[in-house]
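Note sheet for the following structure.
The values are calculated or read from the model by the stated rules, or taken from the named source; none is laboratory data. These numbers were taken from a predicted model, which means no experiment stands behind them. Every residue, glycine as well, gets a Cβ built from its backbone with ideal geometry; the counts of neighbours run over all protein chains shown.
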Amino acid sequence: MKTYLVTGGAGFIGSNFIHCMINKYGNSIRIINVDLLTYAGNLENLKGLENKENYTFIKADICDKDKIEEIFKNNEIDYVVNFAAESHVDRSIKDPEVFVRTNVLGTQCLLNIAKNYWEKEDDTFLPGKKFLQVSTDEVYGSLEHEGYFTENTPLDPHSPYSASKAAADMIVKAYFDTYKMPVNITRCSNNYGRYQFPEKLIPLVINNVLSGKELPVYGDGKNIRDWLYVEDHCLAIDQVINNGKLGEVYNIGGHNERQNIEIIKTIIKTVQNTLDESDPRRNHISDELIKFVKDRKGHDRRYAIDPAKISSEIGWLPETAFEQGIVETIKWYLKNAKWIENVTSGQYQEYYRQMYEKKDERVS
Ligand code: NAD
Ligand code: DAU
């Protein structure tokens with residue numbers, strides 16, 4: 001039985017990953033979820049798993065050496081899947097320090113403790129172990145109209161968030177190059193799906209459409225992101241854990257580039273089509289809610305992944321088309337109004353005020 005140490009498992013992708021793995025492997029795996037429960041961590045995302053014998057939640061900081069050491073001491077960990085991170089670019093522009101702490105120092109702390117437990121006296125590693133670093137396409141920087149990010153694209157991060165993720169990737173690579181520690185790095189494009197915190201574009205727009213609030217579009221709305229349904233990302237990670245060649249980087253994406261403005265218009269239309277005819281919220285939904293606001297500083301223009309390596313070497317392909325995934329996602333947010341209400345009350349209101357009040361100007 002393999003034991004997974006999943007960090008950041010109460011966040012968006014981590015919680016989807018845990019559900020996905022338990023659905024796929026049932027009781028034949030064990031999962032230990034280590035999460036600090038920052039503003040982005042939410043145990044509601046893991047409802048239904050609490051009493052499962054093969055699932056354990058531990059509230060801990062990945063920078064806390066003693067605590068992480070204790071977890072390794074008490075459990076025979078086979079895989080570390082490191083999702084734990086500060087993940088929002090806008091927050092990194094306002095307050096970079098915590099990004100370096102968690103994303104860089106936290107990753108190094110986990111790596112080093114895993115190495116200490118997995119390395120044998122002869123400097124080789126116990127068989128069947130792997131450290132998988134969940135990284136991002138943002139480490140490659142920004143593209144113009146043409147071309148794609150491949151695994152050989154030079155790293156050129158621009159935001160404090162992406163710089164901290166690139167630094168973490170380099171440390172993971174150093175542990176492979178120096179010690180031959182069994183690692184993989186995955187670099188995925190933008191995810192969407194259930195449990196995503198409404199600071200990110202898609203859930204923020206869904207929530208605002210439903211509340212009849214303005215939809216803030218940074219700059220000219222023509223920045224391009226390459227969207228992937230979160231469950232497809234989770235299945236790709238599973239395949240890299242099982243079949244990835246040690247020391248390799250794998251890009252994950254599904255050739256689904258969209259301009260932000262297109263995403264926003266799709267959400268408006270899909271919410272309109274999904275709500276009951278009698279639902280009073282339909283009356284305030286229209287393109288008039290769109291508001292062009294001040295651009296994000298250093299805003300990357302275009303991301304686009306070339307997934308040729310993961311599909312040819314490992315056989316992974318995305319299963320969910322965007323047209324289907326966005327409908328599923330909107331239906332999930334409509335059905336889980338309480339979930340949105342809980343995460344958008346309190347602190348979120350202050351975050352929204354601080355983040356958007358100064359953007360309140362149209363840029364032509
Ligand atoms: P998220 O912000 O939703 O979740 C992050 C989780 O990490 C939260 O549960 C939080 O409580 C936890 N955490 C934060 N600091 C911690 C610490 N010091 N110790 C322990 N736990 C801590 O993020 P997400 O969108 O689910 O992203 C997960 C990972 O995937 C990140 O590493 C991110 O860089 C990467 N990624 C995200 C996307 C995307 O589109 N969201 C795409 C590619 C890669
Ligand atoms: O590419 C992968 C990355 O995708 C991950 O590594 C990050 O963790 C994740 O947050 C995401 O980063 P982005 O910055 O691309 O995602 P975000 O949802 O914040 O923004 C998507 C695009 O929408 C981006 O061009 C900025 C724009 N945007 C965003 C918000 C929140 C707006 O126009 N208005 C908004 O209010």
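The test for being within 11 Å of ligand 1 (Cβ to nearest atom) and either more than 18 Å from Ser311 (Cβ to Cβ) or part of a loop (DSSP other than H, G, I, E, B) (or both) holds for Val139. The test for being over 21 Å from Gly193 (Cα atoms) and either among the hydroxyl-bearing types (Ser, Thr, Tyr) or at pLDDT 95 or above (or both) holds for Glu313. Where helices (runs of 4 or more DSSP H) fall entirely within segment 17-136, those with at least 1 residues that are of a type in the set (S, T, N, Q) and more than 19 Å from the chain's Cα centre (by Cα) are at 65-74, 107-118.
Taken together, Lys129, Lys120 contain a single residue that is closer than 23 Å to Ile252 by Cα, away from ligand 2 (no atom under 16 Å from the Cβ) and among the charged types (D, E, K, R), which is Lys129. Of the strands (runs of 3 or more DSSP E) lying entirely inside segment 206-325, those containing at least 3 residues that are within 13 Å of ligand 2 (Cβ to nearest atom) span 215-218, 224-229, 257-259, 290-293. Within segment 239-269, being under 19 Å from Gln133 (Cβ atoms) and either more than 15 Å from the chain's Cα centre (by Cα) or modelled with pLDDT under 95 (or both) holds for Gln239, Val240, Ile241, Asn242, Asn243, Gly244, Lys245, Leu246, Gly247, Glu248, Val249, Tyr250. Kindly indicate whether any position in segment 170-193 is crowded, with 19+ Cβ neighbours inside 10 Å, assigned to a helix (DSSP H, G or I) and touching a residue at least 12 places away in the same chain (Cβ under 8 Å). Scanning segment 170-193 turns up at least one residue that is crowded, with 19+ Cβ neighbours inside 10 Å, assigned to a helix (DSSP H, G or I) and touching a residue at least 12 places away in the same chain (Cβ under 8 Å).
A single member of Gly244, Gly325, Gly298 is surrounded by fewer than 16 Cβ atoms within 10 Å (Cβ to Cβ) and either among the small types (Gly, Ala, Ser) or at positive phi (or both), and it is Gly298.
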